[in-house]
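> Submitted below is the structure of interest, expressed as structure tokens.
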Amino acid sequence: MTRSAARTGAAALALPFRATPVAAGTSLVLTVLAGVAPATGAWLTMLLVDELTSGAASAGRAAFLAVASALAGGLAGALLYLVGHLGEVVRHRVTLTVESRLFERVASLPGLRHIEDPAFHDRLRLAEQAAQEAPGTVTQFAQELVRSAVLLGGFAGAALAVWPPMALLLLASALTAVLARLATVRREAATEEAWVATDRRRLFYRALLTDVRAAKEIRLFGLGTLLHTRMIGSLAAVSRARLAVARRGTLAQSGLALLGAAVTGAGTVAVATNVVAGGASVGDLVLFLGAVTGVQAGLTGVVLQLGDAGRAVRLFGHYLDVLGTGDDLPAGTRTPPPRAAVELRDVWFRYADDGPWVLRGVNLTIPAGTAVGLAGVNGAGKSTLVKLLCRFYDPQRGTITWDGVDLRELDVTALRARIGVVFQEFMTYDLTAAENIGIGQVTHLDDRPRIVEAARAAHADETLTALPRGYDTVLSRTHTDDAERAGVTLSGGQWQRVALARCLMRADAGLIVLDEPTSGLDAEGEHRVHGILRRHAAGRTRLLISHRMSALRDAELIATLVDGRIAERGGHDELMDAGGEYARLFRLQAGGYQDARVR
Ligand SMILES: Nc1ncnc2c1ncn2[C@@H]1O[C@H](COP(=O)(O)OP(=O)(O)OP(=O)(O)O)[C@@H](O)[C@H]1O
Ligand SMILES: [Mg+2]
């Protein structure tokens, strides 16, 4: 997305005023006052020195000027603290606003396209950094600019009054400083953009090293050193790149400091000579020195912050990009019809435009209220088909309909509310057992009777009741509950039952999809779960995917997915007689169970 730096900067600047108008406005006004105070102080000091060296000094006037000058100094100091505090208030409010907006966008992305795109993650990371830094940095810069403009105006006016050519010298040194800083800024921002992927990998290795789920493999395969080396390697590479940019910046900055000293020296010599010649007073020299030091300090501040602000503005562009990210699925508006009859017609799908086709013309009808079993070897595209049914992606060709209506026309949230799924890679949340089930129907997160009912149906109730704090036990080894009590972790099969219970929370689901829901269950568990499912989900449309052919046997219709197409469909007996892929897979598994002693 192309957007001018001025527009991006304006957006970053506008943010504080949107987030917290009163604090931001007050801060701006006080900043202006804080800018006026030092020049006033210097002016009063000049008057004091002149009064004292005039030869006819009045003690009363001198005392008044001394007190006034001290007051101006004190006020300037106090205002700076106040402005600093207001800045802090603004920063907190802005961080809250931008983080909220950023993750609101991420949370509302309907499909999986963006979330599975590495470039999107890079942008998101840059956006998050920028969102936290830019508004504060840009506001600070703007404040500094206002304060310094007033301050510089005052001082420059004073210096000008004493020795006019000084204005030109100051201008020249200011311009050089600004140009040098801008060049560094561009390099800094480009470095951040170029290295964000490496930095994300560092965070990945870092997370992996502390991940409880990865801990077993890391130890058994002895991956600790490898991961540690990679993590530190990424960090070192990013550090090297950042340091190289900083080195150049320091060199430029040092050069500028020398230039500033030369300008001051030249001006001081000129004015001092003039004082000796009687063309100017000692007070003039004092004012001039104060003015030049003030101008240079102000300029240094502005130039340094210009760098930070420039970098922040460029990175803030990524934040605006993320906020402006379009939906990865066109929105539909229709409510799904009550009958959950699903039909796939000549569905072609691939994950990337240049990737291989995963589905190549799938035709499959899942009549309302029936159970359909789907078989196929690893990588055949079964889970992909599930993702298309949930409309995480749209097929490139062909249509999927819900009671005759194309999924694309349906409101995607309403559609998903009608589907209960146990994904093959279901989640194990570091939440309580009750929450792990309740989130299946988030509006009933606290509906304990319904949660227990779902757990009973999935045969998880006994296990969960027996936990130290029953359903309120945290299912995690890395997080404690609110009372800081450690949690427990379940076995693989027990987790699978919890996932099944989660799916069964959806009482309104017309379509239930189970992708390998019983692969981790013991034989008795599987048998019971199938019985329960038949009763619990009776009347609902079911799609059951399993490598255990016995689990599919009772389905009214069984289909096999081969080479991205439905190769055969029919009842168990019919398919066995046909002697195709289903019969082959079934016999293979049945053969594994044959034992002469059983026969
Ligand atoms: N998010 C993704 N991005 C790119 N390719 C993917 C993605 N998910 C799956 N694939 C690819 O799509 C193909 C089908 O995968 P899918 O998970 O649908 O198979 P499956 O039939 O469910 O296999 P299994 O029996 O192992 O569960 C595989 O070749 C896989 O590499
Ligand atoms: Mg799968």
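Taken together, the values in this text are just the output of simple stated rules run on the coordinates, not laboratory data. Just so it is clear, the model here is predicted, and its values are computed rather than measured. Because the Cβ atoms are built from the backbone with ideal geometry, glycine has one as well, and the counts that use them run over all protein chains shown.
> Per residue and in cubic angstrom, what volume does the convex hull of the Cα atoms of region 288-431 have? Display every interim value, and only then the final one.
Details: hull volume 31.4 nm³, N = 144.
Hull volume normalised by residue count: 218 Å³.
> Next up: List M46, M576, M231 from most exposed to least, where exposure is judged by having the fewest other Cβ atoms within 10 Å. Working shown, then result.
Details: M46 24, M576 15, M231 19.
So the residues, fewest neighbours to most, are M576, M231, M46.
> Sticking with this one: Would you please give the residues with an amide H less than 5 Å from that of I566, counting only those at least 5 places away or on a separate chain, with H modeled from the backbone geometry?
N363
> Here's something else I'd like to know. Report, to the nearest 10°, how far helix 59-107 tilts away from the longest principal axis of the Cα atoms in the chain, using its own Cα long axis and a range of 0 to 90°.
20
> Hey, could you pull the Cα Rg and Dmax for region 427-507, both in Å?
11.3, 34
> What size of dipole, in debye to the nearest 20, comes out for the chain about its Cα centre when the only charges are +1 on Lys and Arg C-beta atoms and -1 on Asp and Glu C-beta atoms?
Working: 63 positive and 58 negative charges, 144 e Å.
With Lys and Arg at +1 and Asp and Glu at -1, about 680 debye.
> Something else: Pop a pseudo-label 7 angstrom from the Cα along the beta-carbon direction at both A538 and E556 and give the gap in nm to one decimal.
Label-label distance for A538 and E556, simple model: 1.4 nm.
> Cα axis of helix 581-593 to longest principal axis of the chain: angle in degrees, 0 to 90, nearest 10?
Its long axis makes an angle of about 80 degrees.
> I need E104, E484 ordered by Cβ neighbour count within 10 Å, fewest first.
Working: E104 10, E484 7.
Ordered from fewest to most neighbouring Cβ atoms within 10 Å, E104, E484 come out as E484, E104.
> Given G564, T333, G233, which one lies farthest toward the positive end of the charge dipole of the chain, if we put +1 on the Cβ of every Lys and Arg and -1 on the Cβ of every Asp and Glu?
Value computed over the given set: G233.
> Residues in region 461-481, backbone N under 16 Å from the label point at I218 (7 Å along the Cα-to-beta-carbon vector): list them, ranges by number please.
477-479
> Can you list residues from other chains, or at least 5 along the same chain, whose modelled amide H is less than 5 Å from the amide H of A375?
A559, T560, L561
> Please report L588, L329 as a ranked list, fewest other C-beta atoms within 10 angstrom at the top and most at the bottom.
Working: L588 10, L329 18.
So the residues, fewest neighbours to most, are L588, L329.
> Determine, from the Cβ-Cβ distance of L71 and L160 and an R0 of 22 Å, the FRET efficiency 1/(1 + (r/R0)^6), rounded to the nearest 0.05. Walk me through the numbers on the way to the answer.
Working: r = 26 Å, r/R0 = 1.19.
Plugging the Cβ-Cβ distance into 1/(1 + (r/R0)^6) gives 0.25.
> With +1 on the Cβ of every Lys and Arg and -1 on the Cβ of every Asp and Glu, and nothing else charged, how large is the dipole of region 1-98 about its Cα centre, in debye rounded to the nearest 20? The partial results should precede the final answer.
Working: 6 positive and 3 negative charges, 124 e Å.
For region 1-98, the charge dipole is close to 600 debye.
> Go ahead and estimate [θ] at 222 nm for the chain from helices alone: -39,500 (n - 2.57) per DSSP H run with n ≥ 4, summed, over the residue count, rounded to 500.
Numbers: 18 runs with 379 residues, N = 599.
Per the formula, -22000 deg cm²/dmol.
> Next question. Give me the log10 of I(q) over I(0) for the chain at q = 0.06 Å⁻¹, as the Debye formula computes it from C-alpha points; what are the numbers?
Rounded to two decimals, the profile gives -0.53.
> Full extension from T428 to T365: what is 0.36 nm times the residue separation minus their Cα-Cα distance, to one decimal in nm?
Values: separation 63, 0.36 × 63 = 22.68 nm, distance 3.20 nm.
Here the answer is 19.5 nm.
> Shifting gears a bit: If you take every DSSP beta bridge whose two residues both sit in the chain, what share of them, in percent to the nearest 5, is antiparallel?
Details: 20 of 38 bridges.
Roughly 55 percent of the DSSP beta bridges within the chain come out antiparallel.
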